[in-house]
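A.B. asks: I'd like to ask some things about the structure below.
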Amino acid sequence: MEGLNLISTFAEFKELKNIDRPTMIGVLEDIFRSQLIKMYGSADNFDIIINIDKGDFEIWRNRLVVEVVDDPTTQIALAEVSQLDDSYEAGEEYTEELKLSSFGRRGILTLRQNLAGRIMDIEKANLYNKYHERVGEVLVGEVYQVWKKEILVLDEDGNELILPKNEQIPSDFFRKGDTVRAVIAKVEMRNNTPLITLSRTSPLFLERLFEQEVPEIFDGLITIKRIVRMPGERAKVAVESYDDRIDPVGACVGVKGSRIHGIVRELRNENIDIINWTNNPQLLIQRALAPAKVSSIKIDEESKRVGVYLKPGEVSLAIGKGGSNIKLAGMLVGYEIDVFREIEEDEEDVLLDEFGDEIESWIIEALKQMGCDTAKSVLAIPILEIVKRADLEEETVTEVIRILKSEFE
């Protein structure tokens, strides 16, 4: 068959891309009709019969037999028909098969190019629809190429997915051929091509890992109310149980940490704090600041700020390494948290205002804004944390610390 090469090309795409039968037939009919319109101006009087199973097709041209031809596209002269079959009379319809060779070499090439283009468009649309419905799911793929700004990942069908650098955990390191697990974060069309973006830093990725490791979460007995993360460093997960017999924190951790260990390894040893959710904001703040023990809390709903008062030995625990604990706690509870150091009755301390001769007033004000109004409340906080929270230069903070320390020497 002349069209076998064309049909086999389509069959190859069908096998690889899993295109359904009606779509296949529709595409073939469409490209043939488009070519017929180019050749004859219209395709209304053509019948296209496609047999996908046999890899065959037929094109039949229907024209009205007339004595005098006015429109050669839809009419044919009786004299011409009589040379082929003398049984026809004027007014009858004459049907003849149109061979693929009549399209010419250029026409056949155009057909094949159009076919390939349409199949590629269908493939892209199918890929977009497939992954658009899977946003939020965890996918396991193979690293195919590692670049500076992103990693190319292949799924089980060989489709290309992207894991950008900013969606990777800082300590992630992948080589070609490695298996990578990530959540499908976003699916969009760019230049008519689906772009599927993966993420390992999204809180949703951590949530899905918990669903995989903790059956009670998967079954809905335990609900994850909120997750906040500093990818690769620390995360806080607030959970709630709908069954009084189930301890949500214990269920998430597992016997001897059996459930949480797998998640921690996947996240490159990210520390995960699991706390019991509560609608009581004061209690939630206390739990969020663990392992520090809070003495008292003052909440300002208007400014969405919280003043937390702790004993001197608890301040560093509340702040955490690099300020991670207090930052995540604030994100979890939805308040800006200011830490204040409680002054013991027999403890000597000095108000920051007393240092007005040695420290500029705008610096003292910046320290007050972060919740420090005495010398020892500033000394209890690491220098880098003061730099970050008060937005001061490290040299400035170092000099302030020197001045404050000299007061107690």
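A.B. asks: Just the residues that are within 30 Å of residue 235 (Cα to Cα), surrounded by fewer than 18 Cβ atoms within 10 Å (Cβ to Cβ) and out of contact with any Leu (no Cβ under 9 Å at 6 or more places or on another chain), please, taken from the stretch 332-376.
C.D. replies: Those that are within 30 Å of residue 235 (Cα to Cα), surrounded by fewer than 18 Cβ atoms within 10 Å (Cβ to Cβ) and out of contact with any Leu (no Cβ under 9 Å at 6 or more places or on another chain): 334, 336, 369.
A.B. asks: Are there strands (runs of 3 or more DSSP E) fully within the stretch 162-251 with at least 1 residues that are within 30 Å of residue 118 (Cα to Cα), touching a helix residue (DSSP H, G or I) at 6+ places or on another chain (Cβ under 7 Å) and not hydrophobic (A, V, I, L, M, F, W, C)? List them.
C.D. replies: Strands (runs of 3 or more DSSP E) meeting the threshold: 193-199.
A.B. asks: A further question on this structure: I'm told residue 397 meets every condition in (1) part of a helix (DSSP H, G or I); (2) free of Cβ contacts under 8 Å to residues at least 40 places away in the same chain; (3) surrounded by fewer than 21 Cβ atoms within 10 Å (Cβ to Cβ) except one. Can you identify the failing condition by its number?
C.D. replies: Residue 397 satisfies all of (1) part of a helix (DSSP H, G or I); (2) free of Cβ contacts under 8 Å to residues at least 40 places away in the same chain; (3) surrounded by fewer than 21 Cβ atoms within 10 Å (Cβ to Cβ) except (3).
A.B. asks: Going through the stretch 188-210 one residue at a time, which ones are within 16 Å of residue 152 (Cβ to Cβ) and either aliphatic (A, V, I, L, M) or open to solvent by 20 Å² or more (accessible area, probe 1.4 Å) (or both)?
C.D. replies: Across the stretch 188-210, the qualifying residues are 190, 193, 195, 196, 198.
A.B. asks: Sticking with this structure for a sec: Take the stretch 133-153 and flag every residue that is surrounded by 16 or more Cβ atoms within 10 Å (Cβ to Cβ) and within 16 Å of the chain's Cα centre (by Cα).
C.D. replies: Matches in the stretch 133-153: 138, 139, 141, 150, 151, 152, 153.
A.B. asks: A further question on this structure: Output yes when any residue across the stretch 376-389 is more than 22 Å from residue 292 (Cα to Cα) and charged (D, E, K, R), and no when none is.
C.D. replies: Within the stretch 376-389 (the criterion being more than 22 Å from residue 292 (Cα to Cα) and charged (D, E, K, R)), the answer is no, since none of the residues qualifies.
A.B. asks: Quick one: in the stretch 239-267, of everything that is under 22 Å from the mean Cα position of the chain (by Cα) and of a type in the set (A, V, I, L, M, F, W, C), which residue is surrounded by the fewest Cβ atoms within 10 Å (Cβ to Cβ)?
C.D. replies: Ranking the candidates gives 264 first.
A.B. asks: Determine, yes or no, whether residue 322 is within 18 Å of residue 384 (Cα to Cα), at pLDDT below 85 and surrounded by fewer than 17 Cβ atoms within 10 Å (Cβ to Cβ).
C.D. replies: Yes, satisfied.
A.B. asks: Residues that are without any contact (Cβ under 8 Å) to a residue 24 or more places away in the chain and either over 20 Å from residue 26 (Cβ atoms) or aromatic (Phe, Trp, Tyr) (or both): list the strands (runs of 3 or more DSSP E) wholly contained in the stretch 44-133 that include at least 3 such residues.
C.D. replies: Qualifying strands (runs of 3 or more DSSP E): 75-77.
A.B. asks: Please work out which residue is nearest to the chain's Cα centre (by Cα), limiting yourself to the stretch 70-82 and to residues that are open to solvent by 50 Å² or more (accessible area, probe 1.4 Å) and either closer than 19 Å to residue 43 by Cβ or at pLDDT below 85 (or both).
C.D. replies: So the residue we want is 74.
A.B. asks: Something else now. Out of the residues in the stretch 84-119 that are among the aliphatic types (A, V, I, L, M) and open to solvent by less than 80 Å² (accessible area, probe 1.4 Å), which is farthest from residue 192 (Cα to Cα)?
C.D. replies: The extreme case among them is 90.
A.B. asks: Do we find that residue 25 is open to solvent by less than 80 Å² (accessible area, probe 1.4 Å), among the aliphatic types (A, V, I, L, M) and modelled with pLDDT of 80 or more in this structure?
C.D. replies: Criteria not met by residue 25.
The values are calculated or read from the model by the stated rules, or taken from the named source; none is laboratory data. Remember, it's a predicted structure, so these values are computed and weren't measured experimentally. Counting neighbours? That spans all protein chains shown, and the Cβs are built from the backbone with ideal geometry, glycine included. For accessibility, only protein heavy atoms count, side chains too; no ligands or nucleic acids. Shrake-Rupley method; radii C 1.70, N 1.55, O 1.52, S 1.80 Å.
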